[in-house]
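The values are calculated or read from the model by the stated rules, or taken from the named source; none is laboratory data. Just so it is clear, the structure is predicted and the values come from calculations on it, not from any experiment. Note that each Cβ is placed from the backbone with ideal geometry, even for glycine, and that neighbours are counted across all protein chains shown.
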Amino acid sequence: MADLQPVRGTHDLLPEDMRGHRHVTDTARHVALRYGFEEMATPIFEFTNVFARTLGDTSDVVTKEMYTFEDRGGDSITLRPENTAGVARAYMSNGLAQHAPCKFFYNGPMFRYERPQKGRLRQFHQIGVELIGPAQPQADVEVIACGVAILKGLDLYKETTLELNTLGDPESRDAYRTVLVDYFSGHKDKLSEDSLNRLERNPLRILDSKDEGDRELVKNAPVFSDYLNEASRDFFKALTDGLTALDIAYEWNPRLVRGLDYYCHTAFEFTTTALGAQGTVMAGGRYDGLIGQMGGQPTPGVGWAAGIERLSMLAGNAPAAKRPVVIVPMGGEAEVKALRIAEDLRAEDLRVEMAYSGNMKKRMKHANKVNARFAVVLGDDELAKGVAGLKDLDSGKQQEVPLANLAQVLAENA
């Protein structure tokens, strides 16, 4: 039956899992809208160059992790490994510059071919926000504040730490790149093969390396903050002043970087140790160079993404589903009548299930199995009197309720 199992790195979202996902997405959607982020969705797959041009041809995502294939028309297509590039493409494709600033919230599946681990799958799901247009640090503050509010809405904020760094403007980045290349060039014999490949083309990515030898070298590498110009320092101060004004605590992490050139100024992550080893649950930053790199007019942008699986695991049990009412009809006439009653109750926003077959004992057993709050018993005697037998499955008490009043009684008590 191996061929009937889910593909490695994927899993089925059964109702209990789905409740956890929905709790995360519903909470995030509700909070994001308060901040003016309206929901949008991009296609699950894009032309490959949307990601290859933006993620860089030396990144692990492009070289090792993307699900890329040629479609029947001969086009190279990639399942989206992340959604910022797709949102930026949508901004350009739909001529949204005239509507800037644009504030988007999204959720959906992403795809990366990597070793599956706890909270990380090959098909995983993310929520995220993107704010495209403003160049001011206040936009970064607002994006981070929205993330904080979502974490609070999920009762997770106290379990996370906001780590913050500045990547400066392009001038500062170029200055830092030069000294970083000089430093690592003096230690080529100790660099991993991946880091050697990145040294000239993408040296900042060495700071993200998971190789133990690389990590030892990184400990003594030059620090970005020593090479910031005045404009970059002013931007970072405005950001931190804004966070302080909102009572949002943060820790400066000088090793927190983004290796791609279109990132600048703000880089941040919300991390937690609640899942064991320190893990990132929400990460983002400013990407003023992205849309220009994709061929559009240079346009500032800032945003973040968060893994739904990890947030759901952290949040634990989602709020319980609304308990159903089970209708228990006994006899042919009652079974026909029960269909109409069920529809009327559902129209009143009640969750209703039917005990389809078996004797009374078997049907009541079904009601208990689905954790019903009430059983509505319909038999010949009840129909003759125009009532239903309403049994409280928590207390065991039963009463007769006129059919005309059934929906009201259930709505008040279910």
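Just a few scattered comments:
- Residue in segment 39-60 that is nearest to the chain's Cα centre (by Cα), counting only those that are modelled with pLDDT of 95 or more and of a type in the set (Asp, Glu): Glu39
- The residue pairs whose first member lies in segment 384-398 and is assigned by TED's automatic domain parsing to the domain that holds Ala372, whose second member is loosely packed, with under 11 Cβ neighbours inside 10 Å and of a type in the set (A, V, I, L, M), and whose beta carbons are closer than 8 Å, counting only pairs six or more residues apart or on different chains, are Gly386/Ala404.
- Listed by position, the helices (runs of 4 or more DSSP H) contained in segment 192-255 that have at least 3 residues being within 27 Å of the chain's Cα centre (by Cα) are 230-245.
- Within segment 363-389, if we keep just the residues that are surrounded by fewer than 20 Cβ atoms within 10 Å (Cβ to Cβ) and closer than 14 Å to Ile341 by Cα, the residue that is nearest to the chain's Cα centre (by Cα) turns out to be Gly389.
- Test: residue in segment 295-315 that is at pLDDT below 95, in a loop (DSSP other than H, G, I, E, B), out of contact with any Asp or Glu (no Cβ under 6 Å at 6 or more places or on another chain) and among the charged types (D, E, K, R): no
- Only a single criterion out of (1) exposed (fewer than 12 other Cβ atoms within 10 Å of the Cβ); (2) at positive phi; (3) not charged (D, E, K, R) is not satisfied by Gly332, namely (2).
- Some residue of segment 256-274 being within 28 Å of Gly128 (Cα to Cα), touching a residue at least 12 places away in the same chain (Cβ under 8 Å), out of contact with any Asp or Glu (no Cβ under 7 Å at 6 or more places or on another chain) and small (Gly, Ala, Ser): yes
- Counted residues, segment 70-100 - those being over 17 Å from the mean Cα position of the chain (by Cα), of a type outside the set (A, V, I, L, M, F, W, C), surrounded by 14 or more Cβ atoms within 10 Å (Cβ to Cβ) and not in a strand (DSSP E or B): 2
- Residue that is nearest to Glu46 (Cα to Cα) [pool: residues in segment 101-143 that are charged (D, E, K, R) and surrounded by fewer than 15 Cβ atoms within 10 Å (Cβ to Cβ)]: Arg115
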